[in-house]
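The next block holds one structure in the form of C-alpha cells; read it before the comments.
The values are calculated or read from the model by the stated rules, or taken from the named source; none is laboratory data. Since this is a predicted model, take the numbers as computed values, not measurements. Because the Cβ atoms are built from the backbone with ideal geometry, glycine has one as well, and the counts that use them run over all protein chains shown. What goes into the accessible areas is simple: the full protein's heavy atoms, side chains included, and nothing from ligands, DNA or RNA. Shrake-Rupley method; radii C 1.70, N 1.55, O 1.52, S 1.80 Å.
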Amino acid sequence: MSYLNSKTNKYLFIIVLLTSFFIVFIFYFLNNINNSNELLSKLENSLSTTKNLFEEQKRYALSLAILLSEDKEIINSYLKSNREESFKIVNKKIETLKQFQNSNFEIQIHNKDLTTYLRSWNLDIKDIPLASFRNGLVKVKKEKKPLVSIELGKRLNIKAISPILQDNKFLGSIEAIVDFEYLSEELKEKGYKLFVLLDEKYLSIATDLKNNNTISKFVLVNNANIFDLKDLDLNNLKDYGYTSNENYSFAYFSYYDLNHKHLGYIFTAIENNHHIDIKNSFDYEATNLNSKVRIK
C-alpha cells in the first residue's frame, strides 16, 4: 500500500510539474503576444501621428508662403530691386510671426528667371541659378499656383512656394522653408524620436549635409542621435513598415520628390522595453501611388 501511495505521489508530482510548466509557458506565450500587439499598436499610432504632423507643417509652410507673396511691403521692395530694404522687411516679418507662433522658418525670394533674389539668412547670396535642381520652382512658374513639398536643395526641408503675380503675370516667387527640428520637438513631447534619412546619392545636391552623420547608405538630416539606429537593416526596406533593435522600435515610411523619385525614409522611434524583435515591411499598392500615404 505504501508502495502504491509512493508511486501515486510520484505521478502526481510529475503531473503537477508538467501542468505548472505548461501554464507558465502559456502565460509567457500569451504575455509575449500581448506585448507584441501593444507594441504594434503604439507603432501604428506613431506612424499616423508623424504623418499628420508632417501634413500640418506643410500646410503651415504653404500658408506662410502665400501670406508673404501677397505682402505689399515685400512686393514693393522686390519690384524696386532694393535687396537691402527687402532683407530688413522680410526679417522683420519673420520675427513678428515667430512671436505669435512657436516655430522656426526661413524665407527665400526668387527672381522671375528662377535665380536667387534674396535669402533671409544671408544678404550676400544672390543670382544663383536654381531651375536645374529645383523642380518646385519650375512648376510654380509654369502653373502660377502655390505648392508645398519635401524638396532637395543644399539642404532638405519642407518648402512651400507661392508665385508673385501682377495681372496674372509671373514676376517671381516667395518660398517658406521649414526644417524638421520643430517637428522633432513636437514628437518628443509625445514620447517619440524622429530620424529623417536621405539617400547619400543626393549629397551632390544637398551639399550642406555632407558633414552630417551617415548610416549604411543614408545621411541623417535632422538633429538626432545616429547611434539609436545601430544594428538596423536599412538595405532591405520597403515603402513603409516596422523594425527594431535592442533599445528601440521604429515605424518608418518613404518620402518622395515632386517627380515621385524616392529620396529616403522617415523613422519614428519608441523605446523597446521588452526587447521585441519586429520586422514588418510593406509596399504601397500601385493604385495608391498618389494617395496621402505617400509623403511628397
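Within the assembled protein chains, the solvent-accessible surface assigned to residue 145 is about 130 Å², based on a 1.4 Å probe. For the pair residue 70 and residue 236, label points projected 7 Å from Cα toward Cβ lie 5.2 nm apart. Electrostatic tally near residue 216: other residues with Cβ closer than 13 Å to its Cβ, Lys and Arg +1, Asp and Glu -1, net -1.
To the nearest 10, the accessible area of residue 96 is 60 Å² with a 1.4 Å probe.
Each residue, residue 97 and residue 45, gets one label point 7 Å from its Cα in the Cβ direction; the gap between the two is 3.3 nm. When the inverse distances between all different Cα atoms of region 65-180 are averaged and flipped, the Kirkwood radius reads 14.1 angstrom. The rule of thumb for compact globular proteins, 2.2 N^0.38 Å, goes into the C-alpha radius of gyration of region 167-277 1.23 times. Only protein heavy atoms count here; under a 1.4 Å probe, residue 170 has an accessible surface of about 20 Å².
Which of the residue pairs 72/141; 58/193; 190/217; 51/238; 159/210 have a Cα-Cα distance greater than 23 Å in the structure shown?
Working: 72/141 20 Å; 58/193 19 Å; 190/217 29 Å; 51/238 17 Å; 159/210 20 Å.
The answer is 190/217.
The accessible-area ordering, largest first, of the residues 98, 58 stands as 98, 58, per a 1.4 angstrom probe.
All other residues with a Cβ under 14 Å from the Cβ of residue 49 taken together, and with Lys, Arg as +1 and Asp, Glu as -1, what is their net charge?
Values: positive: 42, 51, 188, 190, 193; negative: 44, 55, 56, 185, 186, 189.
Around residue 49, the surrounding residues sum to -1.
Using a simple spin-label model with pseudo-atoms 7 Å out from Cα toward Cβ, residue 203 and residue 227 lie 2.1 nm apart.
Karplus-based coupling profile of region 227-243, in residue order and whole Hz: 6, 5, 9, 4, 6, 7, 8, 9, 9, 10, 7, 9, 5, 7, x, 9, 8, with θ = phi - 60° in 6.51 cos²θ - 1.76 cosθ + 1.60 and x standing for Gly or Pro.
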